[in-house]
Structure formats: structure tokens, C-alpha cells
Amino acid sequence: VCVLYTQAIGNKEWREFGRTEVIDNTLNPDFVRKFIMDYFFEERENLRFDFYDVDSKSPNLSKHDFLGQMFCTLGEIVGSQGSRLEKSIAGIPGKKCGTVIVTAEELGCCRDSVLMQFCANKLDKKDFFGKSDPFLVFHRSNEDGSFTICHKTEVIKNTLNPVWQAFKISVRALCNGDYDRTIKVEVYDWDRDGSHDFIGEFTTSYRELSRGQSQFNVYEVINPKKKGKKKKYVNSGTVTLLSFLIETEVSFLDYIKGGTQINFTVAIDFTASNGNPSQPTSLHYMNPYQLNAYGMALKAVGEIIQDYDSDKMFPALGFGARLPPDGRVSHEFALNGNPQNPYCHGIDGVMEAYYRSLKSVQLYGPTNFAPVINHVARYAASVKDGSQYFVLLIITDGVISDMAQTKESIVNASKLPMSIIIVGVGPAEFDAMEELDGDVVRISSRGKFAERDIVQFVPFRDYIDRSGNHVLSMARLAKDVLAEIPEQFLSYMRVRGIKPSPAPPPYTPPIHVLQTQI
């Protein structure tokens, strides 16, 4: 049997999430029972798989033999090629415990939207002077038989034969993904005072509508009150479905599964306003016992993004320092001291290079962002086919010196497959950063507006946990800065018309000779 454990975001306590079925008498089990979990790109979701040899009916795991365990994150599984992760099982010292293969797939039951158009004929006349002003109201039925409104069409003035505009609605909103669930449609005559007159109603279902334009999709509009009163009542008009088109929304994971890599670059502010690194008041203080704000922000964001980058090599840059040997000021230098190859291995490699450069460079100024943005933009400009996406993390203590150039760089970068995250550390006023963020007003430079919003800014101080729980504050920070990335990523792919590559074929295990117990 395999037992899956998950970890809560703030504390490290493992909780049992579920167990597979027990497969008897085999060393190569292929478990059928699946675990359904929520996936968030912006969270690090730690998983633990424990394996046991089941010897009795007891649900108590201590009564069974432990066969080993495997640790990973959900992002690691999803970020592996074809969302298939193969890892060694460990946990029994000095013993090879075999391997485990975990695959993940996104539940696509309801990523579809439908584009529908309706018209009506010979609706009842409700207005004393002129004809009716009809509109439709759609409701989905709930488990308990009640109805929830899910769409209203526009009003068409003064006609008994309206043709409404096509509208798009998600299948989830229309019928909660249940194709046979009742959909109730009401027809009203609009009145200025809000007391719209009820003309009549009809019911249908997603399955019926999906037949498209046909004799099945002409509906009689019935007013039950009239029907009860008048013997000769036939209907209050008809509504006809003119078209029905299904559109499947592609998701961030479709691209990741198809092999798109996310490249992560970090740029660190080495300006003098950070304070002397040997002093405890400095934002760059090298405290042997805990991470400084730069280290925390870097680790929080980097540890999540690294799951989506197969080679785990990250360029790490610094800006605003004087470099040895001659003291020239640089706004894009390699933290590892190698300008030809600024790549560091893993987030730990980046941290190491950061600490090393703090010892060798002199903090200086000014605070210029444009050079590091342009550095990443040069790489992004060379792969626009959707196979790679670039995320630049800039960590800074504040006031920016090259605002005009930075805006120009961001506007140009908004056409490229990249996003920029800015984390502000320390007590400075970050008003200028809010302007770059573009959430309120889209950023522009010399009259040109950014094609899409690619900058996310957060002040680190908003995340410092009062109780000193750094794990929690790092998780919160990562959650907020990374939450916008999937949508920014999709907006680039959509504008460029790039579809996800097909995922590699699913893995089929080799056929094992059945083991028999003697």
C-alpha cells in the first residue's frame, strides 16, 4: 500500500491525505486509486509517499512493515517532463528500496466554454404602446432542486422577433459540468422601472443544446399562468438556438506538460543605501544564524520556481556596486564573478554566490533597473516560440534612479515571454514601484503602453510575521508574488496564438513476469 501525506503551509506537521488500495503479492504494484488535490503554482506543496507491506486487516500502520518513502513537491511532479516523476524510494539505511513513478494530470472536466446564440419568434406583446423589449435569463439547477442565475442576455428594444448577440459562458457556470442537469431559461419584457414582465419560460440541458441548430433546439416559451387560464393557449412564442460552439480553455499546466520551461533569473541591489554588510542594521547583514531579507525573498520565490526549470541553473546578477580590481561601477554583474557564465546551480548556488560577492564588491549606486531588465529581455527575445518563459526577480531597497529608462525597458519587455517580480526590502517609500506594477494604471513610456501587465511589486515588510515564523512569511510572500505569473504567461501565449505542445506519450510500465510466493 502507498500512503500519501501533505504538509500544512505554516507548520511542518505531516497529515495523512489518503491511501491507495492494497495490491497483494507483488513487488511491482501499479496502483489504481488516484489522489485528487488542489494545485497552486504559487505555493510549495510538500508531499511524502510512504510504502508498507500489509500483513493484516489493521488500519494501524505501525502493525505493518515499512518499505521506504519518497519526498517531493507537487510542483516537481507537474514540472517534470510529461508530468511524470521517477524517484528512488529511501528511508531504510543501507538498503535499496526500489523506485516510485508518480504522474499528475489536470482534471479537465470543466475547462470548456460554450459560445451560444439565440433568437425568438412571435413573443407575446407586453407593452401597451409598441411591442415587447425582450431579454433572456439563464439559470442552472442545483443539487437541491433550486435554481441559480448564471447569465442574462442584452435587451433588444421593440420587437417580438429578437436576435440576441452570441455570448460565451463556462460549462461550469452553465451546468456545473453535469451535461444532463436542467437549465431553465426565462423570457422577460424589459421595463424601465425594473418591474420586468414575465413572458414565459422553457427548460433544456447542456446535452440537448450541444446538438446545435436543429429541430430539437426550437423551444416553446410557456407562461404557466396563461396556460392554466386559457383553454386555447398554445405558447407565448418560440426561442431557437442558432449556434453552439465549444471552446476548450488551455491552462498553464497544458504548456508545462508540453515541455515549456520557466527560466528564473535573480538580480540583487548592491547600492550603498542598504548599509554596510558587516553591521547588523544593514539589509545585507550576513547573520550566521538567520537569512537576511534579501536571502529570504530569494529563497521564498526561487524554491517554488525551480521545480519548473529542468536544468536548475539560474543566472544571478547584481547591480549598483563597484567591482574589483579597478572599482568600476556595474549595473549588471555576475554574482559568481564569471560574466561569460553567470549561472549558479540551484537556489543554494545562488545564495552562495550572493554571500561571496558581498565580501568582494563595494556597495555603491545609483539604483538602475534597466540594465538587468534588458539583460533578461535579450534572452527572451531569442525564444519567442513558447518553449521558454523568463521570470526576473529584482530585490531592491528602494528608490529607483533610472525611472524613464526602466519604463522604456518594461514596455519593450511586455512583448516578450517574460515577467518581472520586484520585492522591496527595508523601510523606504516604494511609491515609484507601485507605478511600475501597472495593476492600477497600465505602464507607458513615450506614449507607448505596455502590451500586457508583466510587473508584480510587493514590499517585503508586509510579510514579516510578528511571531517570527519565517517559514510562514516566506510562504505568504511567494504566494502573492507568484500568483499572477500563470495569467501573465497565458496572456503572452494567447496574444501570440501559441498553443501548448502535445504532452509526451504516457508511460507504460514494462510487463513484469508475475512473481509467485512459494
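The values are calculated or read from the model by the stated rules, or taken from the named source; none is laboratory data. Only a predicted model underlies this, so the values are computations on that prediction, with no experimental measurement involved. No Cβ is skipped: glycine too gets one built from the backbone with ideal geometry, and neighbour counts run over all protein chains shown. Just so you know, the surface numbers come from the protein's heavy atoms only, side chains and all, with ligands and any DNA or RNA stripped out. Shrake-Rupley method; radii C 1.70, N 1.55, O 1.52, S 1.80 Å.
Only residues that are touching a residue at least 60 places away in the same chain (Cβ under 8 Å), out of contact with any Asp or Glu (no Cβ under 6 Å at 6 or more places or on another chain), surrounded by fewer than 18 Cβ atoms within 10 Å (Cβ to Cβ) and in a loop (DSSP other than H, G, I, E, B) were counted in the range 453-497, giving 1. Of the residues making up the range 168-191, just one is exposed (fewer than 14 other Cβ atoms within 10 Å of the Cβ) and in a strand (DSSP E or B), namely LYS168. Of the residues making up the range 440-452, those that are part of a loop (DSSP other than H, G, I, E, B) and either closer than 11 Å to VAL411 by Cβ or open to solvent by less than 90 Å² (accessible area, probe 1.4 Å) (or both) number 7. Taken together, VAL329, VAL376 contain a single residue that is within 30 Å of ALA503 (Cα to Cα) and in the same structural domain as SER310 (by the TED database), which is VAL376. The residues of the range 180-203 that are modelled with pLDDT under 90 and of a type in the set (Ser, Thr, Tyr) amount to a single one, SER195. Applying the selection to the range 244-263, what residues are part of a loop (DSSP other than H, G, I, E, B) and of a type in the set (A, V, I, L, M, F, W, C)? Across the range 244-263, the qualifying residue is only VAL250.
Among residues of the range 40-67 that are of a type in the set (Ser, Thr, Tyr), those with a beta-carbon under 8 Å from a residue that is open to solvent by 40 Å² or more (accessible area, probe 1.4 Å) at least six positions away or on a different chain give the pairs TYR52/ASP65; TYR52/PHE66; TYR52/LEU67; SER56/LYS63. Under the condition of being over 33 Å from the mean Cα position of the chain (by Cα) and within 20 Å of TYR255 (Cα to Cα), the residues counted in the range 59-91 number 0. When each of PHE314, PHE333, PHE319 is tested for being within 29 Å of GLY447 (Cα to Cα), modelled with pLDDT of 95 or more and not small (Gly, Ala, Ser), the lone residue that passes is PHE319.
Being open to solvent by less than 40 Å² (accessible area, probe 1.4 Å), over 30 Å from PRO505 (Cα atoms) and not polar (S, T, N, Q) narrows it down to one of GLY228, GLY237, GLY194, GLY258, so name that one. Write out each step before concluding.
Working: GLY228 fails: open to solvent by less than 40 Å² (accessible area, probe 1.4 Å); GLY194 fails: open to solvent by less than 40 Å² (accessible area, probe 1.4 Å); GLY258 fails: over 30 Å from PRO505 (Cα atoms).
The match here is GLY237.
Hey, which of the strands (runs of 3 or more DSSP E) in the range 290-394, taking only ones fully inside, have at least 1 residues that are closer than 22 Å to THR406 by Cβ?
Values: elements: 313-319, 321-323, 328-330, 343-345.
Correct list: 313-319, 321-323, 328-330.
Scanning the range 215-225 for residues that are at pLDDT below 90 and loosely packed, with under 12 Cβ neighbours inside 10 Å yields a single hit, GLN215. Among the residues making up the range 400-427, those that are free of Cβ contacts under 8 Å to residues at least 60 places away in the same chain, open to solvent by 10 Å² or more (accessible area, probe 1.4 Å) and under 26 Å from SER473 (Cβ atoms) are ILE400, PRO427.
With the requirement that a residue be under 30 Å from PRO500 (Cα atoms) and open to solvent by less than 10 Å² (accessible area, probe 1.4 Å), what does the range 266-299 give you? Let's see the steps before the verdict.
Of the residues in the range 266-299, the ones under 30 Å from PRO500 (Cα atoms) are 266-267, 298-299.
If the condition is that a residue be under 30 Å from PRO500 (Cα atoms) and open to solvent by less than 10 Å² (accessible area, probe 1.4 Å), then VAL266, ALA267, LEU298 are the ones that fit.
On the given criteria, is VAL22 assigned to a strand (DSSP E or B) and hydrophobic (A, V, I, L, M, F, W, C)?
Details: assigned to a strand (DSSP E or B): no; hydrophobic (A, V, I, L, M, F, W, C): yes.
Spelling it out, it is not the case that VAL22 is assigned to a strand (DSSP E or B) and hydrophobic (A, V, I, L, M, F, W, C).
Beta carbons closer than 7 Å, at least 6 apart along the sequence or on distinct chains, pair a first residue in the range 264-281 that is outside any loop (DSSP other than H, G, I, E, B) with a second that is open to solvent by 80 Å² or more (accessible area, probe 1.4 Å) and modelled with pLDDT of 95 or more for THR271/TYR364; ALA272/TYR364.
If I go through the range 97-113 residue by residue, how many of them are basic (Lys, Arg) and either open to solvent by less than 30 Å² (accessible area, probe 1.4 Å) or modelled with pLDDT of 95 or more (or both)?
Let us first name the residues in the range 97-113 that are basic (Lys, Arg), namely 111.
Subset that is either open to solvent by less than 30 Å² (accessible area, probe 1.4 Å) or modelled with pLDDT of 95 or more (or both): none.
The total comes to 0.
Checking each residue in the range 283-297 for being at pLDDT 95 or above and of a type in the set (A, V, I, L, M, F, W, C) picks out only LEU283.
When you scan the range 78-157 for strands (runs of 3 or more DSSP E) that lie fully inside it, which ones turn up with 2 or more residues that are in contact with a Ser or Thr (Cβ under 7 Å, 6 or more places away or on another chain)? Break it down into steps so the answer makes sense when it comes.
On the way: elements: 84-88, 99-103, 112-121, 134-141, 147-152.
Output list reads 84-88, 99-103, 112-121, 134-141.
Exactly one residue out of ARG33, ARG48, ARG84, ARG15 is of a type outside the set (Ser, Thr, Tyr) and over 30 Å from ILE485 (Cβ atoms), and it is ARG33. Can we say PRO342 is in the same structural domain as ARG476 (by the TED database) and surrounded by fewer than 19 Cβ atoms within 10 Å (Cβ to Cβ)? Considered against the rule, which asks whether it is in the same structural domain as ARG476 (by the TED database) and surrounded by fewer than 19 Cβ atoms within 10 Å (Cβ to Cβ), PRO342 comes out as no.
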